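Data first, discussion second: the structure below is written as structure tokens.
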Amino acid sequence: MVNSNRKNKYADIIFIILVAAGFALIIARSTPFVGLIKNFVYYVSYPNVNAANKIFQYAGSFAENIKSVVYIRQENLLYRQKNQELTDKLRNYDIVMEQYGSLVKLLDVPKMKDTQSVFARITVREPNDWFQWLIIDKGSEKGLYQELPVVMLRDNGQLCAVGRITEARGGSSKVGLITNSLSAIPVEIKDKKISCLAEGMGSGMLKITYIPLNANVEPGDEIIASRYSSVFSAGMPVGVIKSVSKENSLDFKTALAEVYFESDILYEAVILVPKGDVK
Amino acid sequence: MRKAISYICFYAFFCLLQFFFGKYLSVNGIFPNFILIAVIYLGFTRGRMGAQTAGFAFGLTWDAFSTDVFGARTLMLTVIGYFAGMFNRQFDKDQIAAQVAAIFFANIIYWAGFSAIYFILPEGSGNYEPFAVTLTGTLKIAVTVIITPLVFWVLNFASAFSKRYL
């Protein structure tokens, strides 16, 4: 009796599984391709008009499906192409927007007396000479010549010293940076009236020399161009003191200063040209 | 093992009879539904498990060899096998009236179920009209019912023979 009940229980479970499988077959139904093959096999084993009709019906449906697949593929290719075009346009748009932002920033360049600003794009920067020099896309054709000061606009809207033109050609100029190891510009500590010299070190730092031994110089002090500078106008920000040498020296002490111009994002420069020289 | 072989032989015999010899037995497209008789016979003699499994296998094969909605026969023969199995040992399978009645009702269930499926999924029906009582359909049921005692007798004989000599 117990055995029979167990058998019946198994039979019920198997029945549910089989019915579910049957329903699944009906719900899933066969795709036109499968239907076509199935009907073809049927026709081969048992040829009749109904099977032939079904074959044509499925073949038509199959062909329709193939056609739509081809169309979809074609459309997909077209959309992919469009997508690529739009992506390129978007990329260009981003570049244009970036340039626009830079140009808008350059419009805020403070006006300086008796000088005119010439905006130039940096075209060449050699990685090996990153802190030594660069090339800009304006030259003598625009009235640029040697020893003109090159500055850049900082985020706070102030100009800061970058370098000076060392060579000017027709459509380009070479700019020697203030960080160049051959560069030395007279500077002073802002608000302290302490004159000293900022020498390039071939890195992002400047060596501030000739600081009087008793001068009160501390990290954080701002370095500005001195009135003795023949290139930069007096008061042009140059950098900020990072450390002061603790070595005992007889006459002077030295300090290390970081330049203000951000070397990594230096894409445009401003050349300050005396009025009348600009062509 | 012997049981499994006997089931396979049973399955193969009825498949051949229905799918390959059916066309020779057919008169104007009317020929008996041997598979339905086989499923009912299994239900009466072997119970639910054997009948529903055989119904599923027969239905699946028939679906594969037909142009109708795939799965319709599988479902119907499984259900019929299950219900036939419920009457296992409750009917006298040797009684012709019981055989005829069982096959008749099984045919009605088969026709109703098939019509219901085609009513819900009309796309595979072709010329078949769900729930339509046609002369051909009626004759098919009649032929199946008429031939049932003969098929049962043959199967009983084969069963007795195998028990005795195999």
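The values are calculated or read from the model by the stated rules, or taken from the named source; none is laboratory data. Every value quoted in this text rests on a predicted model; they were computed, and no experiment measured them. Every residue, glycine as well, gets a Cβ built from its backbone with ideal geometry; the counts of neighbours run over all protein chains shown.
Where in the range B:14-116 are there helices (runs of 4 or more DSSP H), lying wholly inside it, with at least 2 residues that are at pLDDT 90 or above?
Ranges flagged: B:34-46, B:48-64, B:72-86.
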Could you give me the residue pairs with C-beta distances under 7 Å whose first residue belongs to the range A:218-233 and is crowded, with 21+ Cβ neighbours inside 10 Å, whose second residue is of a type in the set (Phe, Trp, Tyr) wherever it lies, and which are 6+ apart or on separate chains?
A:ALA225/A:PHE232
Among the residues of the range A:119-129, is any in contact with a helix residue (DSSP H, G or I) (Cβ under 6 Å, 6 or more places away or on another chain), part of a strand (DSSP E or B) and within 24 Å of A:GLY239 (Cβ to Cβ)?
yes
Counting only residues in the range A:237-279 that are among the basic types (Lys, Arg) and modelled with pLDDT of 80 or more, the one farthest from the chain's Cα centre (by Cα) is identified as A:LYS253
If only one of A:ALA184, A:ALA198, A:ALA168 is at pLDDT 90 or above, small (Gly, Ala, Ser) and in contact with a Phe, Trp or Tyr (Cβ under 9 Å, 6 or more places away or on another chain), which one is it?
A:ALA168
Set B:LEU60, B:LEU77: member being touching a residue at least 24 places away in the same chain (Cβ under 8 Å), facing another protein chain (nearest Cβ under 10 Å) and within 22 Å of A:GLY35 (Cβ to Cβ)
B:LEU77
Residues that are out of contact with any Pro (no Cβ under 8 Å at 6 or more places or on another chain): find the strands (runs of 3 or more DSSP E) completely inside the range A:164-279 holding 1 or more of those.
A:173-177, A:184-189, A:194-200, A:205-212, A:237-244, A:252-259, A:268-274
Scanning the range A:19-52 residue by residue, the ones that are modelled with pLDDT of 70 or more and part of a loop (DSSP other than H, G, I, E, B) total 2
Collect the residues in the range B:1-34 that are out of contact with any Leu (no Cβ under 7 Å at 6 or more places or on another chain) and among the β-branched types (Val, Ile, Thr), keeping them in residue-number order.
B:ILE5, B:ILE8, B:VAL27
Are there any pairs, at least 6 apart or on different chains, whose C-beta atoms fall under 7 Å, with the first in the range A:237-259 and under 18 Å from A:GLY204 (Cβ atoms) and the second surrounded by 10 or more Cβ atoms within 10 Å (Cβ to Cβ) and at pLDDT below 85, and if so, which?
A:PRO237/A:GLN158
Can you pull out the residues in the range A:125-146 that are surrounded by fewer than 17 Cβ atoms within 10 Å (Cβ to Cβ) and either over 22 Å from A:GLU262 (Cα atoms) or at pLDDT 90 or above (or both)?
A:ASP137, A:GLU141, A:TYR145, A:GLN146
Evaluation of B:ARG89 against (1) more than 9 Å from chain A (Cβ to nearest Cβ); (2) surrounded by fewer than 21 Cβ atoms within 10 Å (Cβ to Cβ); (3) on the phi < 0 side of the Ramachandran plot; (4) without any contact (Cβ under 8 Å) to a residue 60 or more places away in the chain (one fails), failing number
(3)
Only one of (1) crowded, with 17+ Cβ neighbours inside 10 Å; (2) part of a helix (DSSP H, G or I); (3) in contact with a Lys or Arg (Cβ under 9 Å, 6 or more places away or on another chain) fails for B:LEU155. Which number is that?
(3)
In the range B:40-57, what residues are under 10 Å from A:LEU18 (Cβ atoms) and facing another protein chain (nearest Cβ under 9 Å)?
B:GLN52, B:THR53, B:GLY55, B:PHE56
